[in-house]
1. Only residues in region 263-290 that are more than 17 Å from SER128 (Cβ to Cβ) count as the first member; pair them with residues that are hydroxyl-bearing (Ser, Thr, Tyr) and outside any helix (DSSP H, G or I), Cβ under 7 angstrom, at least 6 apart or cross-chain, and list the lot.
2. Looking at ASP263, ASP295, ASP212, ASP256, can you tell me which residue is surrounded by fewer than 18 Cβ atoms within 10 Å (Cβ to Cβ), modelled with pLDDT of 95 or more and charged (D, E, K, R)?
3. What do you reckon, is ASN308 surrounded by fewer than 20 Cβ atoms within 10 Å (Cβ to Cβ) and either part of a helix (DSSP H, G or I) or free of Cβ contacts under 8 Å to residues at least 24 places away in the same chain (or both)?
4. Condition test on ASN303, is it more than 21 Å from GLU149 (Cα to Cα) and not aromatic (Phe, Trp, Tyr)?
5. Quick check on region 101-120: of everything there that is β-branched (Val, Ile, Thr) and closer than 15 Å to GLU58 by Cβ, which residue is surrounded by the fewest Cβ atoms within 10 Å (Cβ to Cβ)?
6. Scan region 186-199 for residues that are within 23 Å of the chain's Cα centre (by Cα) and surrounded by fewer than 23 Cβ atoms within 10 Å (Cβ to Cβ) and jot them down.
7. Right, PHE217: crowded, with 21+ Cβ neighbours inside 10 Å, at pLDDT 95 or above and not in a helix (DSSP H, G or I) or not?
8. Can you list the strands (runs of 3 or more DSSP E) lying wholly within region 121-182 that have 3 or more residues being surrounded by fewer than 22 Cβ atoms within 10 Å (Cβ to Cβ)?
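The values are calculated or read from the model by the stated rules, or taken from the named source; none is laboratory data. Please read all numbers here as calculations on a predicted model, not as lab measurements. Cβ atoms come from the backbone with ideal geometry, glycine included; neighbour counts cover every protein chain shown.
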Amino acid sequence: MMHKKFIIAGGGTGGHIFPAIAIANAIKKQMNDAVFLFVGAKGKMEMEKVPQAGYDIEGIDIAGFNRSALIKNISLPFKLIKSFIQVAGIFKRFKPDAVIGVGGYSTFPVLKYAQSKGTPTFIHEANSFAGKSNMLLAKKATRVFTVSEGMEKFFPSEKISVSGNPVRESIVNSKIKKQTALNHFGLSPNVKTVLVIGGSLGAKSINEAVKDNLELFEKNNLQLIWQTGVHFYATAKDATAHRPMVFVSDFIQRMDYAYAAADVVISRSGAMSVSELSIVRKPVIFVPYPFAAEDHQTANAMNLVEKNAAMMIADKDAREKLIPAIVDLAKNENKQEDMKINMGIFAIPDADKRVADEIIKILS
């Protein structure tokens with residue numbers, strides 16, 4: 001096959017960025033002369049994380065619909081028009097053979113423009129409740145990759161391919177021992193470890209619940225690995241200054257070590273977190289972000305809760321109920337084992353390869 005050029009569009013959070021990079025890596029393994037250009041939203045996390053993974057990225061001026069402050073949406077039509085002009089320039093220079101959209105602000109203008117030019121487009125929908133942009137784009141897409149069955153209510157059934165959610169290779173193939181992981185965080189091998197991850201941008205309700213209950217963790221002989229997000233980091237650092245049983249970071253680069261160290265987990269239920277936790281099979285209490293589009297984080301969590309593979313606490317109840325619940329779970333070995341077994345149903349460790357195989361087959 002002649003070497004192919006791919007544009008990969010999307011980002012905003014780790015839940016979009018890391019699957020995108022995993023897909024690019026999987027295609028590259030089979031087509032080592034493939035060329036990739038990522039397109040993301042200026043000022044968002046992809047502008048940093050994609051170059052760190054070794055890929056080029058161009059930023060466009062685009063923002064999503066603001067649900068909490070409607071007045072801020074006045075400029076949205078102008079940004080959308082500007083983004084289409086920028087995308088047209090990118091296509092003229094790069095001339096892609098195919099475009100892959102992974103969700104996030106930049107996906108819509110890039111895939112919409114590609115479809116208007118007859119360029120093959122592929123969508124990866126990471127959530128159990130599809131986003132409106134992906135539903136609109138799916139009508140002219142070449143293929144739509146989904147995390148689970150039952151997505152026909154969102155997309156044309158003949159275009160759906162159930163692939164799972166591509167997860168970072170370092171997590172899928174991790175051989176890190178628990179002792180090594182605990183040493184990495186400066187924690188004890190003789191104490192149960194709670195991992196707290198509020199998503200790559202942090203989670204206010206989870207952070208406040210943890211901060212308010214640090215003594216409860218200590219009383220129950222539990223140590224913490226706490227990813228706070230950038231906005232809560234200083235507060236958390238101050239609150240844990242004299243608590244050696246707590247490791248605090250605004251962003252954990254080596255999640256493979258964090259998962260290896262953890263006995264139980266508190267997490268948002270973004271698509272990436274759900275997929276990673278299913279693969280590493282860690283007992284988890286999900287606290288869905290209540291303002292996610294179409295409340296998709298609740299849908300993601302409920303998929304596992306209904307199979308007794310996870311627990312869930314509503315965001316509004318987190319400050320009161322979350323920490324007592326995680327303490328109880330940390331003490332209940334039988335429940336942990338049941339959850340680990342049931343999580344295996346949702347684990348698809350080769351999702352990146354499934355997506356890559358199908359894209360390459362279609363373009364051949």
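1. If the second residue must be hydroxyl-bearing (Ser, Thr, Tyr) and outside any helix (DSSP H, G or I), the pairs left are ASP263/THR193.
2. None of the other options fit; the residue is ASP212.
3. Considered against the rule, which asks whether it is surrounded by fewer than 20 Cβ atoms within 10 Å (Cβ to Cβ) and either part of a helix (DSSP H, G or I) or free of Cβ contacts under 8 Å to residues at least 24 places away in the same chain (or both), ASN308 comes out as no.
4. So ASN303 does not fit the description; no.
5. VAL110
6. GLY199 - this is the single residue of region 186-199 that is within 23 Å of the chain's Cα centre (by Cα) and surrounded by fewer than 23 Cβ atoms within 10 Å (Cβ to Cβ).
7. no
8. Of the strands (runs of 3 or more DSSP E) lying wholly inside region 121-182, those with at least 3 residues that are surrounded by fewer than 22 Cβ atoms within 10 Å (Cβ to Cβ) span 160-162.
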